[in-house]
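Okay, structure first, notes after.
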Amino acid sequence: MIGIGSATNPNAAALAMPSWMSWWPGPFGRSWVLDSLNLGSGPAMLGGLLWLAAGLALIGAGLGWFGVLLPGEQWPRLALAGGVLGLLALTLFFHPFYLVAVILDVAIVVLAWGRLAAS
């Protein structure tokens, strides 16, 4: 959802935060890095496409793991790429709500790297 919003409407206002999150200084749904650099809508659209690429790579890895559409030995490469792209996107758009996603992406990268190193 964040990636689609960034790619299709990069000048949109940030999502409203609940009052109990008022301690967090950054906006939700906007890149704290790209907004602070005032680079305009182009880099924000690239940030959204980064989310999309990470998601597609992870979906492809999941399908390859199940042996659907891809040769079985290709899924670790897609998982590694999706995890790294996901971590990059999470860095650009970081918010405390994303801590679980960071943990999952790190786990995916470690497991995929271990699988690739073993083969």
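Every number here is computed from the coordinates shown, using simple stated rules; none is lab data. If you're wondering where the values come from, they're calculated on a predicted model, not measured in any experiment. Using ideal geometry, Cβ is built from the backbone for each residue, glycine included, and neighbour counts are taken over all protein chains shown.
Considering every residue within the range 61-79, establish whether at least one is crowded, with 20+ Cβ neighbours inside 10 Å, in contact with a Pro (Cβ under 8 Å, 6 or more places away or on another chain) and touching a residue at least 40 places away in the same chain (Cβ under 8 Å). Lay out the reasoning, then the answer.
Kept after step one, since they are crowded, with 20+ Cβ neighbours inside 10 Å, are these residues of the range 61-79: 61, 64, 75-76, 78-79.
From what is left, the residues that are in contact with a Pro (Cβ under 8 Å, 6 or more places away or on another chain) are 61, 64.
Those left that are additionally touching a residue at least 40 places away in the same chain (Cβ under 8 Å): 61.
Yes, some residue in the range 61-79 is crowded, with 20+ Cβ neighbours inside 10 Å, in contact with a Pro (Cβ under 8 Å, 6 or more places away or on another chain) and touching a residue at least 40 places away in the same chain (Cβ under 8 Å).
Which of the residues belonging to the range 89-114 are crowded, with 19+ Cβ neighbours inside 10 Å and part of a loop (DSSP other than H, G, I, E, B)?
Residues satisfying the conditions are F93, H95.
When you scan the range 50-69, how many residues do you find that are farther than 18 Å from Y98 by Cα, part of a helix (DSSP H, G or I) and either among the aliphatic types (A, V, I, L, M) or touching a Gly at 6+ places or on another chain (Cβ under 7 Å) (or both)? It would help to see each step written out before you state the result.
Taking the range 50-69 and keeping what is farther than 18 Å from Y98 by Cα, we get 56-57, 59-69.
Next cut, part of a helix (DSSP H, G or I) only: 56-57, 59-65.
Remaining after also requiring either among the aliphatic types (A, V, I, L, M) or touching a Gly at 6+ places or on another chain (Cβ under 7 Å) (or both): 56-57, 59, 61, 63-64.
Result for the range 50-69: 6.
Which residues, taken from the range 70-83, are touching a helix residue (DSSP H, G or I) at 6+ places or on another chain (Cβ under 6 Å) and part of a helix (DSSP H, G or I)?
Filtering the range 70-83 for residues touching a helix residue (DSSP H, G or I) at 6+ places or on another chain (Cβ under 6 Å) gives 70, 74-76, 78-83.
Matches in the range 70-83: Q74, W75, P76, L78, A79, L80, A81, G82, G83.
Tell me which residues, restricted to the range 77-119, are β-branched (V, I, T) and within 19 Å of L49 (Cα to Cα). Give the derivation first.
Looking only at the range 77-119, we keep the residues that are β-branched (V, I, T), and these are 84, 91, 100, 102-103, 106, 108-110.
Hits for the range 77-119 are V84, T91, V102.
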